[in-house]
Every structure is written in structure tokens, then in C-alpha cells.
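**Student:** Shown below is the structure under consideration.
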Amino acid sequence: MPTPVSRSLLRDLSLPAVVAGVITILVSFASSAVIVFQAAQTLGAGRAEIASWMWALGVGMGVTCIGLSLRYRIPVVTAWSTPGAAMLVVAAGGLPLSDAIGGFVLAAVLGMVAGFSGVFEKVMRRIPVPLAAAMLAGVLLRFGLEVFVSMQTQLGMALAMFLTYLVGRRLLPRYAVIATVLVGVAVAAGNGLLLWDQVQVQLARPVFTLPTLSWAAVFGIALPLFVVTMASQNVPGVAVLQASGYAPPVSSLIGWIGAVNTALAPFGAFAINLAAITAALCMGRDVDADPARRYTAAVSAGVLYLLIGLFGATVAAVFAAFPAELVATLAGIALLGTIGNGLAAALKEEREREPALITFLVTASGLTLAGIGSAFWGLLAGMLALLVLRKRRT
């Protein structure tokens, strides 16, 4: 017998929401899956362990997307920490795999404590909405630009997708992105750009690695991974939700994500966190006119994450079969509305316009310092500008 939750979900679910979930996963895997594989290989993981990493990450992201989105009825999208994976590639070589796993566990526990204790939420409350919106627009700007950059190498495909989107927005706004997907795949297939020969069906099995811990793992993996994940991933993730008009229970979200991450870290879940860029794909007007129903897009993404967990590297290979220009164009088009809304909210208040603009510019610059991405430094620069300019005007 259907439960009230399942009846509500089925009532709220729509085809555009499902498509948004698919695009979310496509962008997530196509843009950074290779970095996760490189990180696992750097730490000496074999084929079985790498498949286990994909299983653990897929299950962790699926459970958190579905569970938290249904619990709070907001689009909660989680992801692995791409900056964290990049850090592992650069800095974790030479450590035993068991030490690295111990570092994953410790970083996840620190995230759980920061969430449930309320420390992280207290920090987030001090970020003004215009700065959060400016940061969101800055993070997403390069994706919007990629729509037109892609035309340099795949003019026919990218232009056909762009024109399809414009016509769709004019005639059937809710299905404009769906039509764009279909046209992009059709053009790619017609030009022989879909690399299906690289796909092999293979189930993944979890491999437990007993965690050990050394000082090198604490200071070389655990603490940097915790800082990078919080500053470069969770801060923008919360800001995206807030900039999209939601009031997320920050402490609970971060705490539960940390708890799930802790349980799955021994199987290779190095870092799970709130998503920012891919989360924005589930919060736009094309998903649903009613913001209260957009959580279904995150649930759809969660179901796909679980499938990815079951099939591990196979699903990653499927996403890798799509040409890079198709993924980039699709992501940019799907995010146009979110970028526009972010800029509008950022520049609305004249008193905070300059700090918001500084936040936008620093974030869009791609500046990376001490392994922490531009989203964090953009917020920091905006807060500094806001503090200085407010003092000057009083």
C-alpha cells in the first residue's frame, strides 16, 4: 500500500524533474569522474577497490539525496568533493591505502561534528544573501560561457541545441531543456560522436579496507580534506540553496551527510558533501514552476546515484561516451535561468552592490589558494569589501 510520502512524491514528480536529475548526474560524472579514478590509483587502489569507491560514493550520494530531499522537501543534491579528489592526486602519494582510508573516516567524522554541533550553520548565517547569490552566479558563469565556447569545436551541435532551447522557451518553456537534450544526442549520434564501444557492463562489489591512521594521514589527508570540503563544497552548497529561495536546516544536512560519509568511508567514500553547480540544475524554473516541487529532481538524481553505485565504473563509462561539448552545452543552457536569478539577487540592493560584484568577480576568476577554490575566496573578498564600505559610509 503506498505511503503518504510515496503518494506525495508521485503527485509532485514530473518529466522535467526527472530530466533535471539525469542532467545533474551527467554533468557530475562527465566533469570529474576521471579525477576520482586518478585519486584511487594514486593511493594504490586496484580495480576491485576502484569499483568499491564508485559503489560507496554512489550509495552515499543516493541515500543522502533521496533521504534528505524527502525529509525536508527541498532539493538537496550531494556530490563527491572534486577539489578533495584533486588534492589526493597531488598530495596523497606514498601513503598506504589503509592510512588514506583512516584519513577519509576522520575527515567525515569532523564534518559530522561540525554539522550536528551547529558550528557550520553559525558561520553560514553571517553570509548576506546578495553575496551568496553573487557567489552562485560566479561559480556558474563559466558553464554559461561554455555554451558558446563549444561552438568553436562543435558548431553544428551546440548551435542546434541553443536554437532548440530558444524555440522551446518560446513555445513550451517547461520542456525546452528536454528538447535540447534530445536534439543534442541526435546530432552527436548522427556525427558518430557517441563512444559506446568503450562501455562494458559490470557490477561493483564493496571492498572493506580496515582504516589505520598515521600523523601523515591526519595532516596530509584528513585535515586538508575536511577544510577543502567545507570551504569549497559545503559553503557554496548551502549558498546555492539559500540563493534559490530555500531555508535549509544547515546543521542537520551537514551532520547527516557526515554520518553517511563516515559509514561508507572504509569502502572508499573519500568525501561526500552538498553539491553547488549540479544542485543548481535541480532548482531552476525549468524543473517546476512551483519551487516546493523541485525536490523531486534531487530524488531522481539520488535514484540514479544508487544505480551508479550498483554498476560502478560501467555507468561512469556511459557518461564518458558523450562528447565533452554536448555535456558543456547542456549544462550551460540548463543553468541560464539560475545564473540570471543569481545576478538579479546579487545586484538588487545598491548598498551591497559593490561587495556582491567583487564576490562575483573573484569567484568567476577561478582563483585557487592553499588548495581552496574561488567560491570561498569570493565570499571572503565580498565580506571584507562589505565591512570596509559599511564603515566608510557610517
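The values are calculated or read from the model by the stated rules, or taken from the named source; none is laboratory data. Model, not experiment: these values are computed from the prediction. Cβ atoms come from the backbone with ideal geometry, glycine included; neighbour counts cover every protein chain shown. For accessibility, only protein heavy atoms count, side chains too; no ligands or nucleic acids. Shrake-Rupley method; radii C 1.70, N 1.55, O 1.52, S 1.80 Å.
**Student:** Take segment 354-394 and flag every residue that is within 17 Å of ASN234 (Cα to Cα), at pLDDT 80 or above and of a type in the set (A, V, I, L, M, F, W, C).
**Tutor:** Correct list: TRP377, LEU379, LEU380.
**Student:** If you don't mind, another one. Conditions first: (1) out of contact with any Asp or Glu (no Cβ under 7 Å at 6 or more places or on another chain); (2) surrounded by 24 or more Cβ atoms within 10 Å (Cβ to Cβ); (3) closer than 23 Å to LEU97 by Cα. LEU310 passes all but one, so which condition is the exception?
**Tutor:** (2)
**Student:** Looking only at residues in segment 142-161 that are within 30 Å of TYR246 (Cβ to Cβ) and surrounded by 21 or more Cβ atoms within 10 Å (Cβ to Cβ), which one is farthest from the chain's Cα centre (by Cα)?
**Tutor:** MET161
**Student:** Which is in a loop (DSSP other than H, G, I, E, B) and open to solvent by 10 Å² or more (accessible area, probe 1.4 Å), of ALA289, ALA263? Steps first, answer last, please.
**Tutor:** Details: ALA263 fails: in a loop (DSSP other than H, G, I, E, B).
The unique qualifying residue is ALA289.
**Student:** Let me ask something additional. In segment 203-231, which residue that is open to solvent by 20 Å² or more (accessible area, probe 1.4 Å) and among the hydroxyl-bearing types (Ser, Thr, Tyr) is nearest to ILE339 (Cα to Cα)?
**Tutor:** Per the stated criteria, the residue is THR209.
**Student:** Ok, one more. Name the helices (runs of 4 or more DSSP H) wholly inside segment 323-372 in which the number of residues that are polar (S, T, N, Q) is 3 or more. Quick ask: steps written out before the conclusion?
**Tutor:** Values: elements: 324-334, 336-347, 353-365.
Because the criterion is at least 3 residues that are polar (S, T, N, Q), the helices (runs of 4 or more DSSP H) in segment 323-372 that meet it are 353-365.
**Student:** Right, next: Let me confirm something: among VAL327, VAL318, which residue is open to solvent by 40 Å² or more (accessible area, probe 1.4 Å) and either more than 29 Å from VAL388 (Cβ to Cβ) or at pLDDT below 80 (or both)? Don't jump to the end; show me each part of the working.
**Tutor:** Working: VAL327 fails: open to solvent by 40 Å² or more (accessible area, probe 1.4 Å).
Of the residues listed, the single one that is open to solvent by 40 Å² or more (accessible area, probe 1.4 Å) and either more than 29 Å from VAL388 (Cβ to Cβ) or at pLDDT below 80 (or both) is VAL318.
**Student:** Here are some conditions: (1) modelled with pLDDT of 80 or more; (2) more than 21 Å from the chain's Cα centre (by Cα). GLY115 meets all but one. Which one does it not meet?
**Tutor:** So the condition that GLY115 fails would be (2).
**Student:** Need the failing condition index for TRP256 against (1) in a loop (DSSP other than H, G, I, E, B); (2) under 30 Å from ASP288 (Cα atoms); (3) open to solvent by 40 Å² or more (accessible area, probe 1.4 Å), just the number.
**Tutor:** Here TRP256 meets the rest and fails (1).
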